[in-house]
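Engineer: Mind having a look at this structure? Questions to follow.
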Amino acid sequence: MGTITVTPRIAIDERELDIQFVRASGPGGQNVNKVATAAQLRFDVANSPSLPDDVRARLLRQAAGRINTEGALIIDARRFRSQERNRTDAIERLVELVRRATVTPKKRRPTKPTAAAKRRRLEEKKKRGEDKRLRRPVRGENH
């Protein structure tokens with residue numbers, strides 16, 4: 001067991017991962033009924049010492065659908081017919097999720113519309129109102 005490098009700043013100790021193998025559905029012939037090839041990876045995001053607080057918060061928010069009430073991220077890997085390939089797939093998916101959480105979102109800068117944009121908007125509103133007014137029936141006329 002070693003460490004999994006996510007970024008130069010973040011590495012996860014493999015002892016923090018709990019990987020269990022369960023029977024997978026899908027193709028595999030008789031093998032599918034006998035061998036537990038699907039990997040289920042659990043990673044305690046809430047209590048992991050490997051994650052900086054900002055990355056932990058973003059990961060909890062971004063992967064909310066895959067995190068249980070105890071704060072553990074659960075990844076099911078059942079794409080392949082072998083335990084080892086599914087285990088590798090689950091770890092790669094975890095690394096990708098953590099990598100995505102390391103990206104700090106850009107701060108939104110509030111902007112004001114330009115004077116020309118305000119003028120265009122008001123001209124368009126006047127034109128639209130005039131078009132609607134012309135569609136109305138003329139007063140005093142009997143139909």
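Engineer: Could you calculate the contour length gain from Ser82 to Ala36, that is, 0.36 nm times the residue separation minus the distance between their Cα atoms, to one decimal place in nm?
Structural biologist: Extending this stretch completely gives an extra 15.7 nm.
Engineer: If contacts are Cα pairs under 8 angstrom and at least 6 residues apart, what is the relative contact order of the chain in percent?
Structural biologist: 20 percent
Engineer: Once you have the Cα-Cα distance between Leu60 and Arg120, take 0.36 nm times their residue separation minus that, and quote the gain in nm to one decimal.
Structural biologist: Using 0.36 nm per residue and subtracting the Cα-Cα distance, I get 17.2 nm.
Engineer: Dipole of the chain (Lys/Arg Cβ +1, Asp/Glu Cβ -1, origin at the Cα centre): which of Leu59, Ser82, Ala116 lies farthest to the positive side?
Structural biologist: Ala116
Engineer: What translational diffusion coefficient, to the nearest whole µm²/s, does the chain have by Stokes-Einstein, given a Kirkwood radius computed over alpha-carbon pairs, a temperature of 4 °C and 1.567 mPa s viscosity?
Structural biologist: Details: Rh = 19.8 Å.
My calculation gives 65 µm²/s for D.
Engineer: So, with +1 on the Cβ of K and R and -1 on the Cβ of D and E, and no other charges, what is the size of the charge dipole of the chain about its Cα centre, to the nearest 20 debye?
Structural biologist: Dipole magnitude for the chain comes out near 1800 debye.
Engineer: If the cut-off is 30 Å between C-alpha atoms, which lysines fall inside it for Lys107, apart from same-chain ones fewer than 8 positions away?
Structural biologist: Qualifying lysines at Cα under 30 Å: Lys118.
Engineer: Find how much the distance from Val103 to Gln20 grows on full extension, using 0.36 nm per residue of separation minus their present alpha carbon separation; answer in nm with one decimal.
Structural biologist: Details: separation 83, 0.36 × 83 = 29.88 nm, distance 2.97 nm.
That pair, Val103 and Gln20, stretches by 26.9 nm at full extension.
Engineer: If you add up the charges near Ile4, with Lys and Arg at +1 and Asp and Glu at -1, over every other residue whose beta carbon is less than 15 angstrom from its beta carbon, what do you get? It would help to have the intermediate numbers written out before the result.
Structural biologist: Values: positive: Arg9, Arg15, Arg42, Arg87, Arg93, Arg99; negative: Asp13, Glu14, Glu16, Asp18, Asp44, Asp89, Glu92, Glu96.
Around Ile4, the charge tally is -2.
Engineer: Residues with beta-carbon under 15 Å from that of Lys107, excluding Lys107: net charge, scoring Lys, Arg +1 and Asp, Glu -1?
Structural biologist: +3
Engineer: Moving to a separate point now. So what is the calculated 222 nm ellipticity per residue for the chain, using -39500 (n - 2.57) for each DSSP H run with n of 4 or more, over all residues, to the nearest 500 deg cm²/dmol?
Structural biologist: Here the helix-only value at 222 nm equals -12500 deg cm²/dmol.
Bear in mind these aren't lab numbers, they're just calculated from the coordinates by the rules spelled out. Bear in mind the structure is a predicted one, so any value in this text is a computation, not a measurement. Positions of Cβ are backbone-derived with ideal geometry, glycine not excepted, and every protein chain shown enters the neighbour counts.
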